Structure formats: C-alpha cells, structure tokens
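*Asks:* Before I ask anything, let me first share the structure, which is written out below as structure tokens.
The values are calculated or read from the model by the stated rules, or taken from the named source; none is laboratory data. No experiment lies behind these values; they were computed from the predicted model shown. FYI the Cβ positions are ideal-geometry reconstructions off the backbone, even for glycines, and counts take in every protein chain you see. Calculation scope for accessible area: heavy atoms of the full protein, side chains included, ligands and nucleic acids excluded. Shrake-Rupley method; radii C 1.70, N 1.55, O 1.52, S 1.80 Å.
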Amino acid sequence: MAPAAAPVPAAMVQTPEPDLTAAAPADDSHTLGPVQFHGYSDFTYGRPIFSALPNGPLTSSTNGFSLGDFDLFTTARLGNHFSMLGELLITSDFTNEFSAEMDRLLLTYTANDYFQISAGKYNTAIGFYSNEFNRARYFQTATGRPLLFTDEDDGGILPVHSIGLTANGKIPSGELGLHWVAEIANGRASVSTAALAAGSTVAPVQNFADENNGKAVNFALYARPSAWNGFQTGVSMLIDRQYPTGFAPLRQRLYSAYVALVRPHVELIGEGVYLHHEFTTNHLQFNAVSAYAQASHAFGRVRPYVRYEYQNVPISDPIFGSLGRKDGPSVGVHFDLTDFVAFKIQYGRLGTYAASTANDAQAQLAFAF
C-alpha cells in the first residue's frame with residue numbers, strides 16, 4: 001500500500017471562498033470579513049514553449065530562467081449574502097517587461113445552494129482544468145497548463161476569461177450531484193492569433209469596451225456523484241459571433257466535454273473541445289479540435305505524471321489559422337518539498353505540422369504564502 005499523500009493546507013485550496021453559511025447578524029449591511037489574502041509564484045528554468053509562443057518556430061525558443069506570475073489573491077465576506085474575490089497578477093512574457101493584470105474580480109450574491117450570481121471578470125465555465133486549478137502553478141501537477149487552456153493573449157483558442165455575469169447552482173438530483181452554469185459576457189475580441197504574434201495592441205479579453213453590441217452566452221452542466229469521491233464530468237456550449245478584419249462575420253460555436261477523477265493519490269483528467277466557425281454569408285465552415293489527457297499518482301510527497309496534448313486548427317481559419325496542428329507528450333515528477341513549496345521537473349515534445357519538433361526540459365519551484 002502506498003504511503004499517504006502530502007496534505008494540502010486548508011488555507012490553500014484551489015478557490016478559497018468566503019463561508020456565507022456561517023452565522024451572521026440579521027442586518028448584513030454592517031458585516032465585513034473575514035478578509036483573506038494569499039500569494040503564489042514560481043521560478044522556472046527551461047524553454048517556455050508550452051505557454052506564450054513567440055512569433056516564429058518553436059525551435060527558436062531559448063533556454064533561460066523565468067519568473068512566473070506573482071499572484072495576489074484575496075477574498076472577503078461583505079454581508080450575509082455578498083462576497084468578493086480578487087486576483088491580481090504581476091506578470092511578464094517574451095517582451096521581458098512586467099505588467100499588472102486583473103485576472104479575476106468578482107462581486108457575488110449567494111441566495112442559497114441553488115442560485116449564486118457574480119458580476120465582474122471570471123474564468124469562463126469551459127472544461128475542468130482552468131476552474132479547478134485556476135492560475136497559480138503551485139496548485140498544478142505539471143509546470144503549466146495544457147495547451148488547450150493557453151491564455152487568450154498567448155494565442156489560446158478558448159475565451160478562458162470573460163467579463164460579464166455568471167450564475168450557477170445545484171440541481172435537485174440526489175446522489176447524482178448535478179450543477180448548472182449560465183453566463184453572458186463581452187466575449188473574445190476578433191483579433192487573430194497571427195496579429196497577436198506580430199505585436200497587435202488589440203487585447204483579446206475585452207475588459208472595458210466590447211467591439212460590438214452582441215454578447216457571448218455560455219451554458220454548462222456538470223455532475224459530482226456522491227458515491228464516486230473526486231469524480232466530475234461535464235459539458236458546455238458557448239455561442240458568439242466574431243468579426244475578423246477583412247472577412248465576413250463568423251458564427252462561433254464552442255462545445256466542450258470532460259471527465260475527471262482527482263483524489264489525493266490519483267489524478268485522471270481527459271478534456272476536449274470542438275470549435276466551429278461559419279461565415280454568415282457563404283456558410284463556409286472551419287472546424288478545430290483540441291484535447292489532452294493527464295494522469296498522475298502520488299507516492300507520499302512524490303507524484304510522477306504524464307500528459308498528452310493534441311490541437312488541430314485549419315490554416316484557413318480567419319482567427320486561429322496560424323496555430324495549425326500541434327501534438328506531443330510531456331512527462332515529469334512533482335515533489336512537495338513542504339506544504340507550501342513544490343519542485344517539478346518535466347520533459348516534453350511538441351510537434352507542429354510541416355515544422356520541426358520542439359523539445360523542452362523544465363525545472364520549476366512553485367510556492368504559496
């Protein structure tokens with residue numbers, strides 16, 4: 001029998017939320033707190049080809065030291081039914097410049113277990129990984145996110161972040177543990193990944209102003225059966241419209257599905273998305289797929305893992321065509337040095353269509369405070 005896995009501190013759960021079920025005065029207008037602050041960051045050596053890709057072939061990425069995001073995370077209770085969540089990043093990229101970015105900022109009203117609504121900037125309810133592990137690499141088994149969940153400004157195909165309204169809650173379903181999510185947001189800007197790689201100043205995440213009056217809507221359904229500890233499966237559908245420069249408008253449909261088993265010793269995750277673009281004029285269609293599978297097993301404080309990724313985007317797609325096809329495996333080992341410091345080593349290969357395969361070896365220290 002394998003020894004017990006290293007415990008995760010209660011204060012360091014993936015999404016620390018204020019406890020709105022605790023007793024509070026009848027008049028909640030004068031109840032503030034508790035206010036909680038946490039911080040996360042990491043330090044990596046290697047070739048960062050699995051995150052922000054430079055404008056050029058993957059093989060042109062060099063080995064070097066890099067600072068990860070300095071992630072400042074806070075939550076606070078603002079009354080019996082209101083709470084807030086904020087996540088501020090001090091981040092850098094291939095420009096070697098630091099900048100501040102509001103990754104999440106939410107004001108939440110919780111009526112009960114069946115209805116909760118938030119306004120602000122949030123992680124879009126697409127798939128499992130980005131909402132389970134959030135931003136900090138301290139919480140992630142591998143040295144970084146799967147290619148599928150690459151940030152928008154790094155050339156990702158998903159609207160990982162949204163600005164708008166998100167509502168969720170339980171569905172009375174007994175041991176099946178069904179939950180619903182409904183969202184309306186500005187959606188992703190229509191800037192292409194080729195333009196971003198060439199240095200476009202257009203931000204894919206529309207934090208302040210939307211490029212049009214239309215809004216993106218997203219619906220998700222997931223289940224957490226009580227009989228299967230750590231098991232979750234779900235689906236989602238996002239509907240939007242894109243207006244790429246020099247092209248007719250595009251109808252966008254994004255479908256996702258996942259299955260995950262995450263326990264202290266075992267981690268098995270599989271996710272996939274199907275992205276459909278269609279011109280509103282001649283109905284010409286472009287279909288992209290992206291998926292990954294990840295598995296790990298903990299032996300005390302040591303957790304070996306493996307991940308395989310696949311992404312295939314038609315080169316004729318007006319928004320994401322420059323991404324093309326990429327696929328390859330990654331293997332690594334995650335060591336919990338303490339409850340607040342993790343060390344990871346990882347090797348990966350990422351093949352691209354009609355180009356050389358890129359190899360990447362990384363070593364990373366990730367920590368929380």
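*Asks:* I'm trying to understand the selection: among the residues of the stretch 101-130, which are without any contact (Cβ under 8 Å) to a residue 60 or more places away in the chain, open to solvent by 40 Å² or more (accessible area, probe 1.4 Å), touching a strand residue (DSSP E or B) at 6+ places or on another chain (Cβ under 7 Å) and of a type outside the set (Asp, Glu)?
*Replies:* Within the stretch 101-130, Leu105, Leu107, Tyr109, Tyr114, Phe115, Gln116, Ile117, Ala119 meet the criteria.
*Asks:* So, one more: Considering the stretch 245-264 alone, what residues qualify as being open to solvent by 60 Å² or more (accessible area, probe 1.4 Å), over 19 Å from the mean Cα position of the chain (by Cα) and not basic (Lys, Arg)?
*Replies:* Once the filter is applied, which keeps residues that are open to solvent by 60 Å² or more (accessible area, probe 1.4 Å), over 19 Å from the mean Cα position of the chain (by Cα) and not basic (Lys, Arg), the stretch 245-264 yields Thr245, Gly246, Phe247, Pro264.
To keep it simple, each residue is scored yes or no on (1) of a type in the set (Phe, Trp, Tyr); (2) out of contact with any strand residue (DSSP E or B) (no Cβ under 9 Å at 6 or more places or on another chain); (3) under 23 Å from Asn131 (Cα atoms); (4) part of a loop (DSSP other than H, G, I, E, B).
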residue: Gln252; (1), (2), (3), (4): no, no, yes, no
residue: Tyr255; (1), (2), (3), (4): yes, no, yes, no
residue: Leu261; (1), (2), (3), (4): no, no, yes, no
residue: Gly272; (1), (2), (3), (4): no, no, yes, no
residue: Glu278; (1), (2), (3), (4): no, no, no, no
residue: Tyr292; (1), (2), (3), (4): yes, no, yes, no
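*Asks:* Out of the residues in the stretch 44-74 that are surrounded by 21 or more Cβ atoms within 10 Å (Cβ to Cβ) and within 30 Å of Leu107 (Cα to Cα), state the one that is modelled with the lowest pLDDT.
*Replies:* Ranking the qualifying residues of the stretch 44-74, first place goes to Gly68.
*Asks:* Of (1) in contact with a helix residue (DSSP H, G or I) (Cβ under 7 Å, 6 or more places away or on another chain); (2) open to solvent by 10 Å² or more (accessible area, probe 1.4 Å); (3) within 23 Å of Ala197 (Cα to Cα), Gly351 satisfies all except one. Which?
*Replies:* (1)
*Asks:* Right, something else. Taking the stated definitions as given, is Ser236 open to solvent by 80 Å² or more (accessible area, probe 1.4 Å) and either in contact with a helix residue (DSSP H, G or I) (Cβ under 6 Å, 6 or more places away or on another chain) or outside any loop (DSSP other than H, G, I, E, B) (or both)?
*Replies:* So Ser236 fails the test.
*Asks:* A further question on this structure: Residue under question is Leu350, and the condition is that it be modelled with pLDDT under 90, within 23 Å of the chain's Cα centre (by Cα) and under 21 Å from Gln285 (Cβ atoms); does it hold?
*Replies:* So Leu350 does not fit the description; no.
*Asks:* So the check is Cβ under 6 Å with 6+ separation or different chains; which pairs have a first residue in the stretch 293-309 that's open to solvent by 50 Å² or more (accessible area, probe 1.4 Å) and at pLDDT 95 or above and a second one that's of a type outside the set (A, V, I, L, M) and part of a strand (DSSP E or B)?
*Replies:* Close Cβ pairs satisfying both conditions: Ala293/Gly270; Ala293/Tyr308; Arg301/Asp336; Val302/Phe335; Tyr308/Pro329.
*Asks:* Can you tell me which of Ala203, Ala220, Ala209, Ala194 is touching a residue at least 40 places away in the same chain (Cβ under 8 Å) and part of a loop (DSSP other than H, G, I, E, B)?
*Replies:* After applying the criteria, what remains is Ala203.
*Asks:* Exactly one of these conditions fails for Phe94: (1) modelled with pLDDT of 95 or more; (2) open to solvent by 20 Å² or more (accessible area, probe 1.4 Å); (3) hydrophobic (A, V, I, L, M, F, W, C). Give me its number.
*Replies:* (1)
*Asks:* Let me ask another. Restricting to the stretch 140-176, give me the number of residues that are open to solvent by 30 Å² or more (accessible area, probe 1.4 Å), under 21 Å from Leu72 (Cβ atoms) and either in contact with a Lys or Arg (Cβ under 6 Å, 6 or more places away or on another chain) or in a loop (DSSP other than H, G, I, E, B) (or both). Show your work before the answer.
*Replies:* Here is the first cut: in the stretch 140-176, the residues open to solvent by 30 Å² or more (accessible area, probe 1.4 Å) are 145, 153-154, 163, 165, 168, 170-176.
Narrowing the set further to residues that are under 21 Å from Leu72 (Cβ atoms) leaves 145, 153-154, 163.
This time we only want the ones that are either in contact with a Lys or Arg (Cβ under 6 Å, 6 or more places away or on another chain) or in a loop (DSSP other than H, G, I, E, B) (or both), so: 145, 163.
Of the residues in that region, 2 qualify.
*Asks:* Can you name the number of the only condition in (1) β-branched (Val, Ile, Thr); (2) at pLDDT 95 or above; (3) surrounded by fewer than 17 Cβ atoms within 10 Å (Cβ to Cβ) that Ile269 fails?
*Replies:* (3)
*Asks:* On to the next question. May I ask you to list the residues in the stretch 177-200 that are open to solvent by less than 50 Å² (accessible area, probe 1.4 Å) and either β-branched (Val, Ile, Thr) or touching a His at 6+ places or on another chain (Cβ under 8 Å) (or both)?
*Replies:* The answer is Val181, Val191, Thr193.
*Asks:* Hey, another quick one. Residues being among the β-branched types (Val, Ile, Thr) and loosely packed, with under 15 Cβ neighbours inside 10 Å: count how many of those fall in the stretch 201-232.
*Replies:* Filtering the stretch 201-232 for residues among the β-branched types (Val, Ile, Thr) gives 201-202, 205, 217.
Subsequent filtering for residues that are loosely packed, with under 15 Cβ neighbours inside 10 Å retains 201-202.
Residues meeting the conditions: 2.
*Asks:* Condition first: of a type in the set (Phe, Trp, Tyr) and part of a strand (DSSP E or B). Now tell me which residues in the stretch 319-369 satisfy that.
*Replies:* Answer for the stretch 319-369, where residues must be of a type in the set (Phe, Trp, Tyr) and part of a strand (DSSP E or B): Phe335, Phe343, Tyr347, Phe367.
*Asks:* Give me the residue from the stretch 314-332 that is surrounded by fewer than 16 Cβ atoms within 10 Å (Cβ to Cβ) and of a type in the set (A, V, I, L, M) and, out of that set, nearest to Phe367 (Cα to Cα).
*Replies:* The qualifying residue nearest to Phe367 (Cα to Cα) is Val331.
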